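**Student:** Mind looking over this structure? Questions follow.
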Amino acid sequence: MKLMGLTGWSGSGKTVLVAALIPLLKARGHSVSTVKHAHHGFDLDQPGKDSWRHRQAGAQEVLIASARRWALMHELNGPEPDLSDLLGQLSPVDIVLVEGFKTNPHPKIEVFRPSLRRPPLFPERPDIVAIAADTPVAGCDRPVLPLNDPALVADWIVDFFDSAAAAHHAP
C-alpha cells in the first residue's frame, strides 16, 4: 500500500482536501482507504445503543455488522498503536491517505494557509514532499500545489507514486 499523508495546522483544510481526493483518486482507478488520527477521545457509539451497552459492560472488542458495512471497536489497555500497527488492520488498497500522524516518516503533503498566521512545517520536516497552499509560499524548496484544485493535487499524488516506482526499478 502506498501512503500519502496530509499534515498541517488545525483549521488548514486537511479533512476537506482528503474528502475531495478520495473520489478523484478512485476515478483514476485507484482503491483508497484513509487513516485519521484523533488527538482526543472519540466514540462511534451512541449512549444507550446495544453496541454502546456491550462496551460499557466491558467487552474488549465489539464488532457491528450490517448488509452495508461493518466496524470493529477495540478498547485499548496500553499505549496508542503506531501507524504501522493500524495499517496492518486495513484490507489491501492502492493508496492510503493518512491525516495526522505527523511524526511518522511517511511522505506527506503539508496543507498550508498563511492566513492562519502559523509557521510552515516543511522547513523542519524532510518527509513533507509537497505543499498544498492557497497562495504562493516564499522560500519553499518543494512543489507547491494549488490547494483549491484537488484534481491537480490528485494528479500530483499519482505522479509521485509512479515516479517513485520508476526510480525503484531503475537500473
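The values are calculated or read from the model by the stated rules, or taken from the named source; none is laboratory data. Owing to the predicted nature of the structure, the values given are computational and were not obtained by experimental measurement. Neighbour counts are summed over all protein chains in view; Cβ atoms, including those assigned to glycine, are modelled from backbone coordinates with ideal geometry.
**Student:** Can you find a residue in the stretch 96-112 that is basic (Lys, Arg) and either part of a helix (DSSP H, G or I) or under 17 Å from Ala20 (Cα atoms) (or both)?
**Tutor:** Yes: the stretch 96-112 contains one or more residues that are basic (Lys, Arg) and either part of a helix (DSSP H, G or I) or under 17 Å from Ala20 (Cα atoms) (or both).
A quick yes/no check of all residues on (1) over 16 Å from Lys36 (Cα atoms); (2) of a type in the set (D, E, K, R); (3) modelled with pLDDT of 95 or more; (4) touching a Cys at 6+ places or on another chain (Cβ under 9 Å):
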| position | (1), (2), (3), (4) |
| --- | --- |
| Leu90 | no, no, no, no |
| Ile95 | no, no, yes, no |
| Glu110 | no, yes, yes, no |
| Pro114 | yes, no, no, no |
| Arg125 | yes, yes, no, no |
| Arg142 | yes, yes, yes, no |
| Leu145 | yes, no, yes, no |
| Asp149 | yes, yes, yes, no |
| Asp155 | yes, yes, yes, no |
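**Student:** Taking the options Ala38, Ala19, Ala27, name whichever one is modelled with pLDDT under 80 and within 30 Å of Ala130 (Cα to Cα).
**Tutor:** That would be Ala38, the only listed residue that is modelled with pLDDT under 80 and within 30 Å of Ala130 (Cα to Cα).
**Student:** Residues to consider are Val35, Val96, Val16; find the one that is β-branched (Val, Ile, Thr) and either surrounded by fewer than 16 Cβ atoms within 10 Å (Cβ to Cβ) or over 30 Å from Val158 (Cβ atoms) (or both).
**Tutor:** Val16
**Student:** Under 9 Å between Cβ atoms, at least 6 apart or on separate chains: pull out the pairs that start in the stretch 68-88 with a residue that is within 14 Å of Val98 (Cα to Cα) and end on any residue that is part of a loop (DSSP other than H, G, I, E, B) and of a type in the set (S, T, N, Q).
**Tutor:** Final answer for the pair search is Asp82/Asn104; Leu83/Asn104; Ser84/Asn104.
**Student:** Scan Ile157, Ile64, Ile131 and give me the residue that is surrounded by 11 or more Cβ atoms within 10 Å (Cβ to Cβ), touching a strand residue (DSSP E or B) at 6+ places or on another chain (Cβ under 6 Å), touching a residue at least 60 places away in the same chain (Cβ under 8 Å) and not in a loop (DSSP other than H, G, I, E, B).
**Tutor:** Exactly one of Ile157, Ile64, Ile131 is surrounded by 11 or more Cβ atoms within 10 Å (Cβ to Cβ), touching a strand residue (DSSP E or B) at 6+ places or on another chain (Cβ under 6 Å), touching a residue at least 60 places away in the same chain (Cβ under 8 Å) and not in a loop (DSSP other than H, G, I, E, B), namely Ile157.
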